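The values are calculated or read from the model by the stated rules, or taken from the named source; none is laboratory data. Predicted model only: the values in this text are computed from it and were never measured. FYI the Cβ positions are ideal-geometry reconstructions off the backbone, even for glycines, and counts take in every protein chain you see.
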Amino acid sequence: MKLYLLLAILLCPIVFFAQNQQTYSQKIETESQETILITIDKNDIDLRYWKGEYILVDSLLTFNEEFAPLVEEMLEMGAFNLNTTVDEEEGLVLKAMMKNEELAYQPKEPKNKISYTVYLPKSIEKVFWKSPIPATER
């Protein structure tokens, strides 16, 4: 009996905090740029170099069960993609279309979250970071 009670206590957090995960990839052409500016919070991105000739972004969306019905629709709209622009001074600019602070609108834990693994080609010589402006300061 005590063993069942102990197992129930240990497994409760797993049941209450169960989250779904969705992964997807995005291919981004470098537009012959050698410089890149990333405007994504450094805590949300893992930057790596690879032998490819384009930028590959592997995204991992972790979300609460009640958010699940919206995920497929938002994926089709491209809401979780990285937006790219080319700036004459800054080079290729990568920007998240949806930020974690916008995903984490739910008052309960754990929060919805998106994280990125970005594979840069070795032709990218310079990488700059620009911290995004928090939603509270916009």
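Observations, loosely collected:
- All positions within the stretch 1-30 that are modelled with pLDDT of 90 or more and part of a loop (DSSP other than H, G, I, E, B): Glu29, Thr30
- Among the residues making up the stretch 31-64, those that are farther than 11 Å from Tyr116 by Cβ, out of contact with any Leu (no Cβ under 6 Å at 6 or more places or on another chain), assigned to a loop (DSSP other than H, G, I, E, B) and not acidic (Asp, Glu) are Ser32, Thr39, Lys51, Gly52, Tyr54.
- Qualifying residue in the stretch 66-81 (condition: in contact with a helix residue (DSSP H, G or I) (Cβ under 9 Å, 6 or more places away or on another chain) and at pLDDT below 80): yes
- Residues that are of a type outside the set (Asp, Glu) and modelled with pLDDT under 90 within the stretch 40-55 comprise Ile40, Lys42, Asn43, listed in sequence order.
- Residue, farthest from the chain's Cα centre (by Cα), within the stretch 85-99, restricted to residues that are of a type in the set (A, V, I, L, M) and modelled with pLDDT of 90 or more: Val86
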